[in-house]
Amino acid sequence: MEGETSWINDCYDDVARDVEDFDSFSELSDECNKENNAISLDLILPDDLLERILAYLPIASIFRAGSVCKRWREIVSSRRFLWNFSRVLSQKPWYFMFTSSDEPVGYAYDPILRKWYGIDLPWIETSNLSIASSCGLVCFMDNDRRSKLYVCNPITKFCKKLEEPLGLKIADYSALAISVDRIAHGYTISIVKSKEVPGNFFQWDLTIYTYDSDTRMWLTSWSEVMTGWRSGHESVICGGVLYVLIYSTGGGMPENRHGLITYNLSSRSSHGLLIMSFIPVPCPLTCGRLMNLKDKLVMVGGIGKPDRPDIIKGIGIWILNGREWQEMGRMPHKYFQGFGELDDVFGSSGTDELIYIQSYGAPALLVFDMNLKQWKWSQKCPVTKRFPLQLFTGFCFEPRLEIEP
């Protein structure tokens, strides 16, 4: 048992150094206040009941609880506690924001405690990354160096490097997606590559690669030459289906410059050419961001002006039901004012019921609750703008302890 939990204890030591405000527990001794004449409720609670209580704490508080005393440390480091923690649904997704500098600096936002924590992720060596997350795991792909492909748990710092798929092509655009099985903890990764056919701007070679963590093998699932459309940097897996946002390469300015294609990862079939699965976007968009919220495809899009579709006039949120889009909300103007007017001025990702929308030009983070239909600014991120042309980016992830790559 000691060997099984050693990595858990190591991760508690690492994260304890990252997470701030541990001083609130400094007055507690390793004996859990046994010297106090008053009877502590902690001393009369059996371990199994204390485990269940602690499992309902926000994850940052769980790390603090591990610093209280030896007994609590052993409890929150046990496999049984991790099992209890995985069954609790009180945790909300965090957002990690980092800079575009040569040495990226980042902070993670906890929406429950409304605090930012300085967490070092050594795999982020550049801002030119494709990033995808699912059920506590985050996949990073360095677009400058194709061999840099990692899957990690940002909370425990447990990381695994994956070999690139055989025959992976150098492409003009890359999209990354990951889907984790919440019960078995196996995962599927997809990489969508799009490269212009030499001498023909209107034709693009699109290739889909898939990885299965159970077999530890890559497959070239699909390859197709698309005319008038190309893929970009947006894809997501929902219910075993890969959704890819595509962009028009045709002449002029069509009404919809974006669309959606689907590919069934389970059957490895698109039931014909990928373009036959085309789903139009709900309105002219300047840009779109795809995400999986409770196995539903959600898109956050920049709404273009009727006479200038390359100029953003608002930000909307839609959910895909079958082949129809249902609007879930539009950003109020008082929040939208901070995002600028260019066509691609924001990043967005989300999971569960929270959607994060971030300005590229400033460390501003807006949170939309899908259940409450409520918009709220996060606390100000401590990331500072040290250089005039520095941009900010980030990703959403679930804070989990029991998931390993």
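The values are calculated or read from the model by the stated rules, or taken from the named source; none is laboratory data. No experiment lies behind these values; they were computed from the predicted model shown. Note that each Cβ is placed from the backbone with ideal geometry, even for glycine, and that neighbours are counted across all protein chains shown. Just so you know, the surface numbers come from the protein's heavy atoms only, side chains and all, with ligands and any DNA or RNA stripped out. Shrake-Rupley method; radii C 1.70, N 1.55, O 1.52, S 1.80 Å.
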Some residue of segment 131-139 being in contact with a Gly (Cβ under 9 Å, 6 or more places away or on another chain) and within 22 Å of S349 (Cα to Cα): yes
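Output the residues belonging to segment 292-307 that are buried (at least 22 other Cβ atoms within 10 Å of the Cβ) and under 16 Å from M328 (Cα atoms).
If the condition is that a residue be buried (at least 22 other Cβ atoms within 10 Å of the Cβ) and under 16 Å from M328 (Cα atoms), then N292, L297, V298, M299, V300, G301, G302 are the ones that fit.
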Total residues in segment 206-227, condition farther than 14 Å from L149 by Cα, buried (at least 19 other Cβ atoms within 10 Å of the Cβ) and among the β-branched types (V, I, T): 2
Subset of segment 168-194 (residues that are touching a residue at least 24 places away in the same chain (Cβ under 8 Å) and among the small types (G, A, S)): A171, S174, A175, A177, S179, G186, S190, S194
Test: residue in segment 181-201 that is in a loop (DSSP other than H, G, I, E, B) and among the acidic types (D, E): yes
Residue pairs meeting the criteria (Cβ under 6 Å; at least 6 apart or on separate chains; first surrounded by fewer than 11 Cβ atoms within 10 Å (Cβ to Cβ) and of a type in the set (S, T, N, Q), in segment 266-282; second at pLDDT 90 or above and in a loop (DSSP other than H, G, I, E, B)): S266/G240
Qualifying residues in segment 367-405 (those that are farther than 18 Å from K334 by Cα and polar (S, T, N, Q)) - the one surrounded by the fewest Cβ atoms within 10 Å (Cβ to Cβ): N371
Residues of segment 372-405 classified as closer than 16 Å to V300 by Cα and part of a loop (DSSP other than H, G, I, E, B), total: 1
Residues (of a type outside the set (F, W, Y), under 19 Å from D181 (Cβ atoms) and buried (at least 19 other Cβ atoms within 10 Å of the Cβ)) located in segment 234-250: S235, V236, I237, C238, L242
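Can you find a residue in segment 326-342 that is small (G, A, S), touching a Cys at 6+ places or on another chain (Cβ under 9 Å) and either loosely packed, with under 13 Cβ neighbours inside 10 Å or modelled with pLDDT under 95 (or both)? Walk me through it before giving the result.
Going through segment 326-342, the residues small (G, A, S) turn out to be 329, 338, 340.
Going one step further and asking which of them are touching a Cys at 6+ places or on another chain (Cβ under 9 Å), we end up with none.
Checked against the condition, which is being small (G, A, S), touching a Cys at 6+ places or on another chain (Cβ under 9 Å) and either loosely packed, with under 13 Cβ neighbours inside 10 Å or modelled with pLDDT under 95 (or both), segment 326-342 yields no hits at all.
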Given (1) over 20 Å from S235 (Cβ atoms); (2) of a type outside the set (A, V, I, L, M); (3) modelled with pLDDT of 90 or more, number of the condition T156 does not satisfy: (3)
Filter result for S147 (open to solvent by 10 Å² or more (accessible area, probe 1.4 Å), modelled with pLDDT of 90 or more and of a type in the set (S, T, N, Q)): no
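State which residue is modelled with the lowest pLDDT when the search covers only segment 354-366 and only residues that are of a type outside the set (F, W, Y) and open to solvent by less than 20 Å² (accessible area, probe 1.4 Å). Walk me through it before giving the result.
To start, the set of residues in segment 354-366 that are of a type outside the set (F, W, Y) comprises 354-355, 357-359, 361-366.
Then keep just the ones that are open to solvent by less than 20 Å² (accessible area, probe 1.4 Å); that gives 354-355, 357-359, 365-366.
Values: L354: 96, I355: 97, I357: 94, Q358: 90, S359: 84, L365: 91, L366: 93.
Among those residues, the one meeting the criterion is S359.
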Any hit, segment 50-71, residues being open to solvent by less than 20 Å² (accessible area, probe 1.4 Å), in contact with an Asp or Glu (Cβ under 8 Å, 6 or more places away or on another chain), small (G, A, S) and at pLDDT 70 or above: yes
